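Have a look at the structure below, then the notes.
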Amino acid sequence: MKKASMILDKDYTIGRIDPRIYGSFIEHLGRAVYGGIYEPGHPQADEQGFRKDVLKRVKDLGVPVVRYPGGNFVSGFNWEDSVGPVEQRPRRLDLAWATTETNAVGLHEFADWAKKADTEVMYAVNLGTRGPENARDIVEYANHPGGSRFSDMRIKNGKKDPLGIKLWCLGNEMDGPWQMGSKTAYEYGRIANESAKMMKWVDPSIELVACGSSGSGMPTFGEWEYTMLNECYDNIDYVSLHRYYGNPTGDTPGFLARTMDLDDFIKSVVAICDAVKGRKHSKKTLHLSFDEWNVWYHSNAQDEEIKKREKWGQALPLLEDIYNFEDALLAGSMLITFLRNADRVKVACLAQLVNVIAPIMTRNGGGCWAQTIYWPFLHASKYGRGTALRALVDTPVYDCSDYEGVPVIDATATLADDGSVTVFAVNRDMAVDFCLDIDLRAFGDMKLAEHILLHHDDVKAVNTEEAPENVAPVAGPGGAVDGGKAQVKLPALSWNVIRFGRA
Ligand code: AHR
């Protein structure tokens, strides 16, 4: 067995982990809402039509915040269409996904769902086809107590108390030519700034996320951030990052190395934020909202067919990636990367939550099951809270098509407020088991409480409604702790959660 080692110290920390890094995303897209969280008539539907089996899964994941209602969808969305009596709401063509939106589920219903799911709404405003005026109005509608046009409209629509939405996105991917109303960096920076000012004048307690590039591969990446931040730095709180990875060539070692790119992306955006901070002589430090991340490529070809066949259909099965075991390993490494950058990444949203590139799948009229990526997300959300430790990891490395020096053992650790320590580790080696030596002496007398393992012999193994536990966590081989030093076996190609508590 090969060896890697990790040294941990309670004084050697990265920072507090903002629980919102375990956020997610529901867009009016595909079967995320209709057939996902909402399916009146389903045996599991509650009195409002929300599926209780889905709610349970979402609650189990412990998702503190859910971004809504888009995504590309939001750039052509009129929020007024989604409030008031359902039968009076308009049916609209959604140009983002070439489907028809019925508005049967709108802001009030989603706020109710969020409450049932023990989560908060992160609301995106339309800065594509609309602008500062509508952004101001929706904040007034949602958060102003009453006595004004839009707050009174909310009360008339049945919500006496403000919805209290704290976190708002200033549009979505506004650099992307595919976006309705896409903009240059300067145009966006100006509109974001004016919207931000007006939204915060209505409710100074809100926090705002400005759109960074829709991906680090965009030709304008970097320049976009610098230019738009020069316009809106003082009035916003976070910059967004989006990143999806795929493995169309079946190169598993190269695919699992993608978090090298993720880390570079985060560090680059941090550097640009700080450059603007310096240029502006500002005392304020911006944080990052990684508000779309996941694996996304399995469904591409199928989506082209569906869109050709069923243009303007409703709740079409779009972006229904079926995730395999290697996708779960990459998702685990992405979560490890966020933890390693916990000092700057304060929000992250797994995109998305149900059916659409999602950890939770449903069948209309049928079951609800967990995809492979559900498991690392659940483990990180459950155990990766408290303080992110700066783990000193010594591991062999490998080279692949895009990167040199990729750590074979991708690992980090967290310290919970109750004093327990959790190590998260991906063994990227296709064939070799590793022994991870963990130096825990700084924490006193600790014992190994649990080793959770996710492994499958087939990297392409998936979960289905018929075989929902094909890829599911089991008890790992664990190991010994002696004199503050632990030795734990990490099987080849595996996601590991190693929990230590007081002896
Ligand atoms: O999450 C799917 C889509 O990916 C979102 O609508 C968009 O913001 C991104 O391009």
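The values are calculated or read from the model by the stated rules, or taken from the named source; none is laboratory data. It should be emphasised that the depicted structure is a prediction, and the values quoted were computed from it without experimental measurement. Cβ: placed from backbone, ideal geometry, glycine included. Neighbour counts: every protein chain shown. To get the accessible areas, we keep the full protein, side chains included, count just its heavy atoms, and leave off ligands, DNA and RNA. Shrake-Rupley method; radii C 1.70, N 1.55, O 1.52, S 1.80 Å.
Would you check if there is a residue in the range 45-53 being assigned to a loop (DSSP other than H, G, I, E, B) and either on the phi > 0 side of the Ramachandran plot or within 16 Å of the ligand (Cβ to nearest atom) (or both)? Yes, the range 45-53 has at least one match. Scan the range 482-502 for residues that are part of a strand (DSSP E or B) and open to solvent by 10 Å² or more (accessible area, probe 1.4 Å) and the total you get is 7. Residues that are touching a residue at least 40 places away in the same chain (Cβ under 8 Å), closer than 18 Å to G23 by Cβ and not aliphatic (A, V, I, L, M) within the range 143-170 comprise K166, W168, C169, listed in sequence order. Whether a residue is of a type outside the set (F, W, Y) and out of contact with any strand residue (DSSP E or B) (no Cβ under 9 Å at 6 or more places or on another chain) was assessed, and T285 passes this test.
Kindly indicate whether E223 is open to solvent by 10 Å² or more (accessible area, probe 1.4 Å), away from the ligand (no atom under 16 Å from the Cβ) and within 18 Å of the chain's Cα centre (by Cα).
So E223 does not fit the description; no.
Flag: I266 does not match the condition of being in the same structural domain as Q352 (by TED's automatic domain parsing), touching a strand residue (DSSP E or B) at 6+ places or on another chain (Cβ under 9 Å), over 24 Å from W375 (Cβ atoms) and surrounded by 15 or more Cβ atoms within 10 Å (Cβ to Cβ). Does F255 meet the test of being open to solvent by less than 40 Å² (accessible area, probe 1.4 Å), away from the ligand (no atom under 16 Å from the Cβ) and within 20 Å of the chain's Cα centre (by Cα)? Against the criterion (open to solvent by less than 40 Å² (accessible area, probe 1.4 Å), away from the ligand (no atom under 16 Å from the Cβ) and within 20 Å of the chain's Cα centre (by Cα)), F255 qualifies. Tallying residues that are surrounded by fewer than 24 Cβ atoms within 10 Å (Cβ to Cβ) and either within 16 Å of the ligand (Cβ to nearest atom) or acidic (D, E) (or both) within the range 54-65 yields 1. Of all residues in the range 31-42, those that are assigned to a loop (DSSP other than H, G, I, E, B) have Cβ atoms under 7 Å from Cβ atoms of residues that are of a type in the set (S, T, N, Q) and surrounded by fewer than 24 Cβ atoms within 10 Å (Cβ to Cβ), 6 or more apart or on another chain, in G35/N364; E39/N364. Residues in the range 102-111 that are under 24 Å from the mean Cα position of the chain (by Cα) and outside any helix (DSSP H, G or I): V105, G106.
Got a sec? Which of D112, D118 is in contact with a helix residue (DSSP H, G or I) (Cβ under 8 Å, 6 or more places away or on another chain), open to solvent by 10 Å² or more (accessible area, probe 1.4 Å) and closer than 23 Å to A45 by Cβ? Please lay out each step first, then the result.
On the way: D112 fails: in contact with a helix residue (DSSP H, G or I) (Cβ under 8 Å, 6 or more places away or on another chain).
Being in contact with a helix residue (DSSP H, G or I) (Cβ under 8 Å, 6 or more places away or on another chain), open to solvent by 10 Å² or more (accessible area, probe 1.4 Å) and closer than 23 Å to A45 by Cβ holds for just one of D112, D118, which is D118.
Residues are listed down the side, and each one gets a yes or a no for (1) within 16 Å of the ligand (Cβ to nearest atom); (2) over 23 Å from V239 (Cβ atoms); (3) in a loop (DSSP other than H, G, I, E, B):
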| residue | (1), (2), (3) |
| --- | --- |
| A124 | yes, no, no |
| L127 | yes, no, yes |
| Y141 | no, yes, no |
| G146 | no, yes, yes |
| K160 | no, yes, yes |
| I165 | no, no, yes |
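The set of residues in the range 17-36 being open to solvent by less than 10 Å² (accessible area, probe 1.4 Å) and under 12 Å from the mean Cα position of the chain (by Cα) consists of I21, Y22, G23, S24, F25, I26.
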